[in-house]
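Participant: Have a look at this one before I ask anything.
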Amino acid sequence: NFIWRTKSMAGPRPTASQRGARSKEERHGQNNHRTKNLRPLRQYQITHTSNTRANKSTTLNQSIQLMPSATATANENFTMEDNNSGNSALAAESSSLDKRRLETWALLCLFSTLALTAHETDDQNMKRSENIWITTCASISLALSALSSLAHVGNSALSSLFVGTILEGITALILVGLWAGALPIIMDPSNGLAQMYVGKSEGDSADYQATISNANLYFTSWGSGVCALIVLAMYIKERLGGGGGMGMGYTSKWYLLMLASVIVVIESMRFKNQVCGIEGGTADVTCGRNTYGLATGIVGLVVSFLISLFSSLGRDSALITTVAGFVMAVLYTLCAGLLTFDNGPATYVGNHYFSAWAGFFISFAVFGSVLKEFLGVGGGATASAAAESGEDDVEMDRI
C-alpha cells in the first residue's frame, strides 16, 4: 500500500522519451545559468583590458608630449653650460689683460721715476724751457702711472671707475702724447741732454754723428715712452675686441715696428737738417744713405700702422700681411746695412743706430711668424682640433 500510495502521489512513471526530454531541458537550463554567470566576468575582463590599453595609450601620449619639453630642457641646460663656460673664458682673458696692463703701468711708473731723477741730476740741466718741459712731463707721467697702478690693485671704487674704462684709455693717450713731445727734445743732440754730436774731423768734412751722452736719461725715457705705447695698444686691442685676425698674435710687433720707423724718420730728418744742411758737415755719400733711411722709415711707418690697425680689428689678410712683412724685411735689411756700416750716418751708438737695427730684427720676426702661419707650418694640429670641435658643435646642435 505504501508503495502504491507513493507511486500514486508521485504520479505515473515517466516514459523513456519523457525522461530524455527532461534531461535535455535540465542541461539546457544549467548551461543558461552558467552563461548568465559568465557574462559579467567576460564583460569585466573586456572592460578591464580596454581600460588598461587606454591607460597605456594615455601614458605613451604623455611620454611623447613630454619628450619635446625634456629635449628643450636638455638644450637649455647645454646652452647654460656653454654660456657659463664662455663667460668664464672671457673673465679669465680679461683678468689676464688687466694683469699685463698692471705690470706695464708699474714699469712706466718706475721708468718715469728714473728718468726724472736722471734729468734732475744731469749737469747739462740749465733750467731752460726745454728742461722745465722734460721735468713736467716726467712728473706727470710718474703721478698718472702711480695712480693707474694703484687702481689695478684691489677692488676699490677707483678700480671700477678706471680699469677698462674710457678713463684709462684717455690716460694712456695723454701719456703717449707727453712722451711723444718729450722724447724728441731729450734725444735732440743739439740740446745735449741724452745725446750729443761728435765729429771725426777727417778731410774736408767733420762727419758729425749723434751719440749717447746721458745713458740713464736715454734708456729710461725710452722705456717710459715704450711702456705708455704698450698700455695704449693693450687698451685699444681690448676695446676693439678684434678676434680671429691672422696677425692678432703679432699686433705688438707691428706697433714696435711702427715705433722704430718713427724714430728712423725723425733721426733721418734731423741728420739731414743739422748735418747735411751745413757746409762740410758730412760727405755726400753719407747724406745719400740718410735719404734712403728716411724713405724706408716713411714706408715702414705707413705699412706698420695700417697692418697693426687692421690686425687689432681682426680684418687683416694673410696674404697682405705676409707680403708686407717680406717688403719690410727687405727694406730694413738694406737700411741697416747702409746706415750703420762704412760711410753711414749711424755708425755711432744712438737713436739712429738702434732704430735701424730694431727695424731689421722686428721686420724679420714679423715676416717669419706670418710666413709660418700662412704656409700652415705647425698649425695642422690646431686646425684639426678646431675642425673636430666644430663637428662636435654641429652634432650637439642636431641632438
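Participant: Checking residue 216 against (1) part of a helix (DSSP H, G or I); (2) modelled with pLDDT under 90, only one condition comes out false. Which one?
Facilitator: (2)
Participant: For region 364-374, does any single residue satisfy the condition of being in a helix (DSSP H, G or I), open to solvent by 70 Å² or more (accessible area, probe 1.4 Å) and modelled with pLDDT of 90 or more?
Facilitator: Yes; the residues of region 364-374 include at least one that is in a helix (DSSP H, G or I), open to solvent by 70 Å² or more (accessible area, probe 1.4 Å) and modelled with pLDDT of 90 or more.
Participant: Could I ask something else about it? Would you please name the residue that is modelled with the lowest pLDDT, looking only at residues in region 221-254 that are surrounded by 19 or more Cβ atoms within 10 Å (Cβ to Cβ) and not in a helix (DSSP H, G or I)?
Facilitator: Only one residue tops the list, namely 245.
Participant: Is it true that residue 210 is outside any loop (DSSP other than H, G, I, E, B), small (Gly, Ala, Ser), crowded, with 21+ Cβ neighbours inside 10 Å and under 33 Å from the mean Cα position of the chain (by Cα)?
Facilitator: no
Participant: With the structure loaded, tell me whether residue 311 is modelled with pLDDT of 90 or more and crowded, with 16+ Cβ neighbours inside 10 Å or whether it fails that test.
Facilitator: no
Participant: Could you check how many residues of region 113-148 are at pLDDT 85 or above and open to solvent by 20 Å² or more (accessible area, probe 1.4 Å)?
Facilitator: Going through region 113-148 one residue at a time, the tally reaches 17.
The values are calculated or read from the model by the stated rules, or taken from the named source; none is laboratory data. Just so it is clear, the model here is predicted, and its values are computed rather than measured. Note that we place each Cβ from the backbone using ideal geometry, even for glycine, and neighbour counts take in every protein chain shown. Protein only, heavy atoms only, side chains kept; ligands, DNA and RNA dropped before computing areas. Shrake-Rupley method; radii C 1.70, N 1.55, O 1.52, S 1.80 Å.
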